[in-house]
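The values are calculated or read from the model by the stated rules, or taken from the named source; none is laboratory data. Please read these numbers as outputs of a predicted model, since none were measured by experiment. We place every Cβ from the backbone using ideal geometry, glycine too, and count neighbours over all the protein chains shown. Remember, those area values only see protein heavy atoms, side chains included, never the ligands or the DNA or RNA. Shrake-Rupley method; radii C 1.70, N 1.55, O 1.52, S 1.80 Å.
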Amino acid sequence: MGPLALFFYCFSLFVLSTCAEISNKIGINYGQLGNNLPSPYDSIQLIRSMKAGRVKIYGTNPEILKLLSGTKLQVSIMVPNNEIINIASQQTIADQWVQNNVLAYYPQTMIRIILVGNEVLSYSSPSDKEIWQHLVPAMHRIKTSLRAQNIRNIKVGTPLAMDIFQASFPPSSGIFRSDISDSVMLPLLQFLNKTSSFFFIDVYPYFPWSANPTKTGLDYALFRATSNYTDPVSGLIYTNMLDQMLDSVVFAMGRLGFSNIRIAISETGWPNAGDVDEVGANAYNAATYNRNLIKRMTAKPALGTPARPGSIIPTFIFSLYDENQKSGRGTERHWGLLHPNGRPIYDVDMTGKRPLSDYKPLPASHNNEPYKGNVWCVVVSNKVDLMELSRALTYACGVGNETCAALAPGRECYEPVSMFWHASFAFSSYWSQFQSKGGSCYFNGLAQQTTTNPSKFSNSTSGIIFAAIYGYRGLFGVVNGPGLHEHNRIRSSLGVV
């Protein structure tokens, strides 16, 4: 063991001496960005039946907090990003927030964590950067309010994403971004250290693996690698990607003089499905990752990481449900352990006691290699709302470099004169320009990917019907369609839902 590794090992002994009260029970992130999800009552019952030890919610939903009363679930609540500046500005505002969102339910509801904001440092507009400067002051205000009420068993923290790093590989090179290191991270670490709180990190091995799947083995990301990686500086030996990512946090904190702050995983998981070109997003990999994760995090004695051997790492899996109203790439809507109807997407034992060999075989995965064919972005034909489609078409054509130039009258893609066809062309054109910059084929649920060239269906019956009934004259013409009442009547007669 090298000198640097020995240094972190010694600090881990100190951490162990302060962690006896920390539970290794797995938590679950309960999001509600879906229009087809079970009620809060049914959701809490599902969480309890899954034997989760903790639940994290994205806010302070009164109904959920009341339903959690009397359960043995430890609860994490959240201050919305847009409330941070106000809370930081006045202690009375922080006191009122604690009164309304903590004291109204505590102690019957076992609130144990208050997270101030969500990935605040991942947003960088001028208004977002103003929130950066108020993040730690707001945390101080909340902590002061809790102490005034003699509440000592609620930790205050903030969940951050892996984009806080300037470098994170190898782990020993971990260093925070220069624009936040001194101004935000240093005071944050001082607060966490003083209050014996956790550094909460959202950590997803899926993203670095899927960004370069031919370089890093899938097994290494799924906790089943047969080979190791040795950090060339620390000499620490790694058997999986999650440990690498967590130890980059340890080393980055150490560079600022804080090597004994405990780490908690506020989000982690693996997508069970995604877009055509999102490699490795399938139920087989998701089940493998989460089952192995739970086994690792609930092991007794605790495993920790190479830089923190033996440390307990509180962990929240993302997420309870697939949430169909999340925007972005297809994977954004497919991180759930459960379908919206409450049925498991795959079996998982949150206690970690079930042997991996006891699970039923999973469907084979077929997208673990990058997709090499053509992909188009087209209208979801069975969900079309033409008013929304018109707005989406206008948006897609309003950005980029001549995104819809080919749809002008007389140009090569003007005909057929169908909003359906024009929108599919515009969506594909937009997506081809902006995919590499984070653009997605979604458009508020109006678009989907296809591997079939949409030009083969440009004369489809549905497109012609829509054009005829709605008086569509093309993007560069006018739309003289019926009013909203007639619009709904026609939709109904066509069976469009």
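Points to keep in mind about this one:
- The loop-placed trypsin sites (Lys or Arg not before Pro) in segment 329-398, going by DSSP, that have at most 13 neighbouring Cβ atoms within 10 Å of their Cβ come out as LYS353, LYS372.
- Average accessible surface area per residue within the chain, 1.4 Å rolling probe, Å²: 45 Å²
- Dipole of the chain [Lys/Arg +1, Asp/Glu -1 at C-beta], most positive-end residue of TYR238, TYR204, THR305: THR305
- Under 5 Å between amide hydrogens, built in the peptide plane, is the criterion, and for LEU338 it picks out TYR321, ASP322, ILE345 among residues at least 5 positions away or on other chains.
- Taking label positions 7 Å along the Cα-Cβ direction at both THR239 and GLU415, the computed distance is 6.7 nm, reported to one decimal.
- Principal-axis tilt of helix 40-49 within the chain, Cα atoms, nearest 10 degrees: 50 degrees
- Nearest-ten-degree value, helix 241-255 long axis tilted from longest Cα axis of the chain: 60 degrees
- Length gained on full extension, TYR123 to LEU33, computed as 0.36 nm times the residue gap minus the Cα-Cα distance: 30.4 nm.
- A simple count of charges around PHE258, restricted to other residues whose Cβ falls under 14 Å of its Cβ and scoring Lys, Arg +1 and Asp, Glu -1, yields +3.
- Within the chain, DSSP assigns beta bridges of which about 30% are antiparallel (rounded to the nearest 5).
- The HN-Hα couplings worked out from phi for segment 184-192 by the Karplus form 6.51 cos²θ - 1.76 cosθ + 1.60 (θ = phi - 60°) are 10, 5, 4, x, 5, 5, 4, 5, 4 Hz, whole numbers, x standing for Gly and Pro.
- When the solvent-accessible area of the chain is split by element, carbon and sulfur atoms take up 52 percent of it, the probe being 1.4 Å.
- Of LYS51/LYS155; LYS194/LYS300; LYS155/LYS326; LYS360/LYS437; LYS194/LYS326; LYS51/LYS129, pairs whose Cα-Cα distance is over 31 Å: LYS360/LYS437; LYS194/LYS326; LYS51/LYS129
- When the Cα positions of LEU386, VAL417, GLY217 are compared along the charge dipole of the chain, GLY217 comes out farthest toward the positive end, with charges on each C-beta of Lys, Arg, Asp and Glu.
- Among 294-303, 248-257, the order from most to least packed when residues are scored by Cβ within 10 Å on average: 248-257, 294-303
- Each label was represented as a point 7 Å from its Cα along the Cα-to-Cβ direction; for ASN228 and ALA408 these points are 6.4 nm apart.
- 3J(HN,Hα) along segment 121-133, derived from phi through the Karplus expression 6.51 cos²θ - 1.76 cosθ + 1.60 where θ = phi - 60°, amounts to 7, 8, 10, 9, 5, x, 5, 5, 5, 5, 5, 3, 5 Hz, with x in place of Gly and Pro.
- Mean ellipticity per residue at 222 nm, deg cm²/dmol - from DSSP H runs of n ≥ 4 across the chain, formula -39500 (n - 2.57): -10000 deg cm²/dmol
- Sites matching trypsin sites (Lys or Arg not before Pro) across segment 40-107 that sit in DSSP coil, with at most 12 neighbouring C-beta atoms within 10 Å: LYS72
- Note, ³J(HN,Hα) from phi for segment 89-98, Karplus 6.51, -1.76, 1.60, rounded to Hz, x at Gly and Pro: 6, 9, 5, 5, 5, 5, 4, 5, 4, 5
- Relative packing of peptides 187-198, 33-44 - highest average C-beta neighbours within 10 Å first: 187-198, 33-44
- Check: the chain dipole with +1 on Lys, Arg Cβ and -1 on Asp, Glu Cβ, in debye: 1320 debye
- Amide H contacts of VAL156 (H built 1.01 Å from N, under 5 Å, at least 5 apart or other chain): ILE114
- C-alpha long axis of helix 461-470 to longest principal axis of the chain, angle in °: 80 degrees
- Taking each residue as 0.36 nm, the span from ASN260 to ASN341 lengthens on full extension beyond its C-alpha to C-alpha distance by 24.9 nm.
- Value of relative contact order over the chain, rounded to a whole percent, pairs C-alpha under 8 Å and six or more apart: 15 percent
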